[in-house]
Each structure stands twice: as structure tokens, then as C-alpha cells.
Amino acid sequence: MALRRALHFVFKVGDRAKTATFYRDVLGMKILRHEEFEEGCKATCNGPYDGKWSKTMVGFGPEDDHFVAELTYNYGVGEYKLGNDFLGITLQSSQAVSNAKCLGWPLTEVGEALYLTQAPGGYPFYLVDKEQPPNDPVQKVCLGVSDLQRSTHYWSTLLGMKVMDKNEEKKMVLMGFADSQCKLELRDIGGMVDHGTAFGRIAFSCPREQLPDIEALMKKENQKILTPLVSLDTPGKATVEVVILADPDGHEICFVGDEAFRQLSMLDPKGNEFLDKAMAEDKSDEWFAKHNKQKTAA
């Protein structure tokens, strides 16, 4: 399991411009690559939508050794309903805190050297007000669960994550594939998990040869498989193979073959330029305003 690694969390975004400002100017992340698609993803990477969409990968460094965000934008969808499934990403960067204050981006102090802010769409981010480390500043992703013991069993016994910390009083478990990677925190919310329409997806890589084994294990254990092993094409780039799972609370989990993903996820020096060009050419806001209509609220 040491060969498995945490890759990214997928967010649906309704306003690309404000979202780009948050990740670039507030958090200080870089645009790693940007891709446009004419039709929906076979593995529903962009959610249950069939139309034109885009994917923007943002992070503090290359996807080979940083946990990043995948921002999916569906043309024509302006907002998504939040649930209680995604509880936040924690990252360490005093520069991000300083950026937020300079730009007037709302911050709430929630602990010692700890601030809560929100990405456009309402997604919570926790900023640790300490110097950004030389390695990946992204520390953990927190997801809400309805039965902590059941979820811990799923993620550790079936998916091979190591339990690194437990706090029964706070009803949380911290897990990961390696100490050097972004961790997964599971927190018992004391009730049913509601994914809303803004639900995301967490992605991991593994050697390609493990994908059929993961699928077979989930079938044997009667666990949910959302997308059986499938190949996904990105125009002009590598084809990757993925298996999409759902944990007992319906959190979507993507396992992707590592070898092809490393080719697909190579840093694109024109990523920033491609995103800005796509935003400039996107006239959907003007079209809806001209026709006195509003974008779809999913």
C-alpha cells in the first residue's frame, strides 16, 4: 500500500473567475494544467452532466508530490447545493493568511494560529498561520461520516490506509498511505451524510496492476462500485485507467493507474494562459444576462 498516494480533491465550481482569484491570489497556488472538454466525463469527473466542461488543476507544486485541487466547471451551471460531507482542507501558509487580509477575503480565527475561510461556493479551508513548509503545505482533507467505526474499517482494512491518530472525544480518525502525504481525516457528524449537489471526489493513485484487484475486492465485500475499470481520454494527453468507488456514506473515491497518470499530470507551462483564455472566451454570463435568465442552480 506504500505505493498508493493521495492525489487531489475534486470541487465543482460555478464561478471560475472568483475561484481562480481564491486559489491563485489568496492561497498562492499555481495553475498546473487546464483542459477543456466538449462532453461529460465517462467516469462523471464533472458530476452527472453531459455538456461542455473544464478541468483546472491547482496546487503549490507538481502533482507528482503535492496534493492539489481539481476544479470542474460545467458551462451553464452557476451554483451547487452544499451538503455536510466535505468538512474542509487544512493547509499551512502564513502567506495565504496575509494574502487574505490584504485582499479583504473573509477570515475567521478559530484557534491558535488557525483561520477558517471559504472558497467560492462555500467550501471551507483552514489556514495554519505558520511559515509555509518546503514540501507540500496541504496537510489534510476532512470528510464527514455517519459511523466512524464502519468508515475506519472501510478505509483501513479494505483500502489499506494506516490509522495515524484517533480522538474518541472529538470523534475523529486521521489516516494516510504515508507520513509524507496529505492525510484523510474522518469525523463522525452524528447523523446522515448529505452530499447535496456540490459533492466532490477524492482521488488516489496506485500501480495500474492493482486496479483490477481493488475492483475485485469491492465486489467480494459487496461494496459499491460507481464506475468499473474504465479508460479515460484527455485530448492530446495520456489515457488513464480508473475505478470509482463509494464508501459506506457515499463519498466518491477514484483510484487511477499511477504510471499513465504521471504522464497526464505533467506540469503544463501554459496552464495559466489556457485558463485565462477560456475564461475570457466564456460568454455564458453575458448570454444569460442578455436573455434575462439565470444559470442553472444544480
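Selection of segment 176-201 for residues being open to solvent by 20 Å² or more (accessible area, probe 1.4 Å), within 22 Å of VAL256 (Cα to Cα) and not in a loop (DSSP other than H, G, I, E, B) yields only LYS183.
Considering segment 51-68 alone, what residues qualify as being farther than 15 Å from CYS182 by Cβ, touching a residue at least 40 places away in the same chain (Cβ under 8 Å) and buried (at least 23 other Cβ atoms within 10 Å of the Cβ)? Explain how you work it out, then say what you get.
Restricting attention to segment 51-68, the residues satisfying the condition of being farther than 15 Å from CYS182 by Cβ are 51-56.
Checking the rest, the ones that are also touching a residue at least 40 places away in the same chain (Cβ under 8 Å) come to 54, 56.
If the condition is that a residue be farther than 15 Å from CYS182 by Cβ, touching a residue at least 40 places away in the same chain (Cβ under 8 Å) and buried (at least 23 other Cβ atoms within 10 Å of the Cβ), then THR56 is the only one that fits.
Go over the candidates GLU281, GLU273 one by one and state the one that is out of contact with any Phe, Trp or Tyr (no Cβ under 9 Å at 6 or more places or on another chain) and at pLDDT below 95. Write out each step before concluding.
Numbers: GLU273 fails: at pLDDT below 95.
Result of the check over GLU281, GLU273: GLU281.
Of the residues making up segment 90-99, not a single one is open to solvent by 10 Å² or more (accessible area, probe 1.4 Å), in contact with a Gly (Cβ under 8 Å, 6 or more places away or on another chain) and in a strand (DSSP E or B). So is VAL256 open to solvent by less than 10 Å² (accessible area, probe 1.4 Å), assigned to a strand (DSSP E or B) and without any contact (Cβ under 8 Å) to a residue 40 or more places away in the chain or not? Spelling it out, it is not the case that VAL256 is open to solvent by less than 10 Å² (accessible area, probe 1.4 Å), assigned to a strand (DSSP E or B) and without any contact (Cβ under 8 Å) to a residue 40 or more places away in the chain.
In segment 125-141, is there at least one residue being more than 20 Å from GLU63 (Cα to Cα), surrounded by fewer than 17 Cβ atoms within 10 Å (Cβ to Cβ) and without any contact (Cβ under 8 Å) to a residue 40 or more places away in the chain? Give the steps one after another, and end with the answer.
Here is the first cut: in segment 125-141, the residues more than 20 Å from GLU63 (Cα to Cα) are 126-131.
Retained after the next criterion (residues that are surrounded by fewer than 17 Cβ atoms within 10 Å (Cβ to Cβ)): 130-131.
Checking the rest, the ones that are also without any contact (Cβ under 8 Å) to a residue 40 or more places away in the chain come to 130-131.
Taking every residue of segment 125-141 in turn, at least one turns out to be more than 20 Å from GLU63 (Cα to Cα), surrounded by fewer than 17 Cβ atoms within 10 Å (Cβ to Cβ) and without any contact (Cβ under 8 Å) to a residue 40 or more places away in the chain.
Whenever a residue of segment 202-220 is part of a loop (DSSP other than H, G, I, E, B), its partners that are among the charged types (D, E, K, R) and open to solvent by 50 Å² or more (accessible area, probe 1.4 Å), lying with C-beta atoms within less than 9 angstrom and at least six residues away or across chains, give the pairs PRO207/GLU259. Taking GLY144, is it small (Gly, Ala, Ser), buried (at least 17 other Cβ atoms within 10 Å of the Cβ) and touching a residue at least 24 places away in the same chain (Cβ under 8 Å)? In short, yes. Within segment 20-50, take every residue that is touching a Ser or Thr at 6+ places or on another chain (Cβ under 9 Å) and under 12 Å from LEU275 (Cα atoms) and give me the one that is most open to solvent (accessible area, probe 1.4 Å). Filtering segment 20-50 for residues that are touching a Ser or Thr at 6+ places or on another chain (Cβ under 9 Å) and under 12 Å from LEU275 (Cα atoms), the one most open to solvent (accessible area, probe 1.4 Å) comes out as GLU36. VAL173 meets the stated requirement of being in a strand (DSSP E or B) and of a type in the set (Val, Ile, Thr). Of the residues contained in segment 165-174, none is found to be touching a residue at least 60 places away in the same chain (Cβ under 8 Å) and open to solvent by less than 40 Å² (accessible area, probe 1.4 Å).
State whether the residues of segment 212-222 include one that is over 30 Å from SER146 (Cα atoms) and not charged (D, E, K, R). Within segment 212-222 (the criterion being over 30 Å from SER146 (Cα atoms) and not charged (D, E, K, R)), the answer is no, since none of the residues qualifies.
What tally of residues in segment 100-125 results from selecting those that are of a type outside the set (A, V, I, L, M), under 27 Å from ALA297 (Cβ atoms) and assigned to a strand (DSSP E or B)? Explain how you work it out, then say what you get.
Filtering segment 100-125 down to residues of a type outside the set (A, V, I, L, M) leaves 101-102, 104-106, 108-109, 111-112, 115, 117-118, 120-125.
Filter once more, so that each one left must be under 27 Å from ALA297 (Cβ atoms): 104-106, 108, 117-118, 120-125.
Keeping just the survivors that are assigned to a strand (DSSP E or B) gives 108, 117-118, 123-125.
Within segment 100-125, residues that are of a type outside the set (A, V, I, L, M), under 27 Å from ALA297 (Cβ atoms) and assigned to a strand (DSSP E or B) number 6.
For segment 221-234, the set of residues classified as open to solvent by less than 70 Å² (accessible area, probe 1.4 Å), at pLDDT 95 or above and not in a strand (DSSP E or B) consists of GLN223 only.
The values are calculated or read from the model by the stated rules, or taken from the named source; none is laboratory data. Treat the numbers as computed from the prediction; the structure is a model and nothing was measured. FYI the Cβ positions are ideal-geometry reconstructions off the backbone, even for glycines, and counts take in every protein chain you see. Each accessible area value is taken on the protein alone, full model and side chains, heavy atoms only, with ligands, DNA and RNA left out. Shrake-Rupley method; radii C 1.70, N 1.55, O 1.52, S 1.80 Å.
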